[in-house]
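Notes follow once the structure below has been shown.
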Amino acid sequence: MKKVLVLNSSLNGEQGNSTKLSQLFVEQLSSKQQIAVTTRDLSNDAIAHLTQTEMAAWMTDANERSDEQKALAAISDELIAELTDNELIVIGMPMYNFGIPSTFKAWIDRIARAGITFKYTKQGAVGLLENKKVVVLAARGGIYQGTDMDTQTKYLKDVLGFVGISDINFIYAEGLAMPGAEQSLQAAEQQISSFTDNL
């Protein structure tokens, strides 16, 4: 059975286009094979921005942490355990002001931890997460794929690659605030169907 982690971060919850696409992806995949799904809504259950206090808790030996530090370290520990436990990561990714949602950035800040998901060597950083595939369902109001204004694609490839995940796939639904949005959604749905056929 394939274990799937779904990460959504649309401010519009289940009505968000990126969330609808991630839900469709899971529905399509579940109709073709057995999967176990864990879903985390990063907008509804938002993680606070990372602080120095929380980072210091990670760097304190587990046996020496205060109660506050234990609680703070547990946030990152839980998210990393969740990520590690799943082989397929499905990301519903809206674009806000040409970037990723700040709630998703807060998630990144918790799962990128030296000595746990990456390490530094003489040759530079080496990611420690293995055997994972990521599918990003990117929903945008305008059309940015392949342009300098698409900061999401490169960032997600870079930061996920940093922790060892290199199998990253994108399905785009663009122009959703423009005429022809329905055709763009239909094209994305067709790509989802084809992609899930081959997983």
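Condition check: part of a loop (DSSP other than H, G, I, E, B), modelled with pLDDT of 95 or more and among the charged types (D, E, K, R). Does Asp158 satisfy that?
For Asp158, the condition - part of a loop (DSSP other than H, G, I, E, B), modelled with pLDDT of 95 or more and among the charged types (D, E, K, R) - is not met.
Would you check if Asp148 is more than 25 Å from Ile192 (Cβ to Cβ), assigned to a loop (DSSP other than H, G, I, E, B) and of a type in the set (D, E, K, R)?
yes
Give me a count of the residues in segment 105-117 that are surrounded by 16 or more Cβ atoms within 10 Å (Cβ to Cβ), over 22 Å from Asp148 (Cβ atoms) and not hydrophobic (A, V, I, L, M, F, W, C).
Qualifying residue count, segment 105-117: 4.
Go through segment 24-43 residue by residue and tally those that are of a type in the set (Asp, Glu) and under 17 Å from Ser76 (Cα atoms).
1
Anything in segment 24-47 that is open to solvent by 70 Å² or more (accessible area, probe 1.4 Å) and either in contact (Cβ under 8 Å) with a residue 12 or more places away in the chain or polar (S, T, N, Q) (or both)? List them, or say none.
Ser31, Lys32, Gln34, Thr39, Asn44
Does segment 161-186 hold any residues that are open to solvent by less than 40 Å² (accessible area, probe 1.4 Å), in contact with a strand residue (DSSP E or B) (Cβ under 8 Å, 6 or more places away or on another chain) and assigned to a helix (DSSP H, G or I), and which are they?
Answer for segment 161-186, where residues must be open to solvent by less than 40 Å² (accessible area, probe 1.4 Å), in contact with a strand residue (DSSP E or B) (Cβ under 8 Å, 6 or more places away or on another chain) and assigned to a helix (DSSP H, G or I): Gly161, Ser184, Leu185.
I'd like to verify a number: residues in segment 187-199 that are assigned to a helix (DSSP H, G or I) and either of a type in the set (S, T, N, Q) or open to solvent by less than 60 Å² (accessible area, probe 1.4 Å) (or both), how many?
9
Please enumerate the residues belonging to segment 77-104 that are closer than 29 Å to Gly141 by Cα and open to solvent by 40 Å² or more (accessible area, probe 1.4 Å).
Of everything in segment 77-104, those that are closer than 29 Å to Gly141 by Cα and open to solvent by 40 Å² or more (accessible area, probe 1.4 Å) turn out to be Tyr96, Asn97, Phe98, Ser102.
Can you tell me which residues in segment 118-141 are in contact (Cβ under 8 Å) with a residue 40 or more places away in the chain, over 21 Å from Val26 (Cα atoms) and not in a strand (DSSP E or B)?
Leu129, Gly141
Hey, does segment 7-18 have a residue that's surrounded by fewer than 19 Cβ atoms within 10 Å (Cβ to Cβ), within 11 Å of Gly92 (Cα to Cα) and of a type in the set (S, T, N, Q)?
no
Take Ile75 and tell me if it is of a type in the set (A, V, I, L, M, F, W, C) and more than 15 Å from the chain's Cα centre (by Cα).
Spelling it out, Ile75 is indeed of a type in the set (A, V, I, L, M, F, W, C) and more than 15 Å from the chain's Cα centre (by Cα).
Before we move on, is Asn131 open to solvent by 20 Å² or more (accessible area, probe 1.4 Å), more than 14 Å from the chain's Cα centre (by Cα), farther than 21 Å from Asp167 by Cα and of a type outside the set (D, E, K, R)?
no
Being more than 20 Å from Arg40 (Cβ to Cβ) and either in contact (Cβ under 8 Å) with a residue 40 or more places away in the chain or surrounded by 12 or more Cβ atoms within 10 Å (Cβ to Cβ) (or both): is that true of Ala74 here?
So Ala74 fails the test.
The values are calculated or read from the model by the stated rules, or taken from the named source; none is laboratory data. For clarity, every value in this text was computed on a predicted model and none was experimentally measured. Cβ: placed from backbone, ideal geometry, glycine included. Neighbour counts: every protein chain shown. Calculation scope for accessible area: heavy atoms of the full protein, side chains included, ligands and nucleic acids excluded. Shrake-Rupley method; radii C 1.70, N 1.55, O 1.52, S 1.80 Å.
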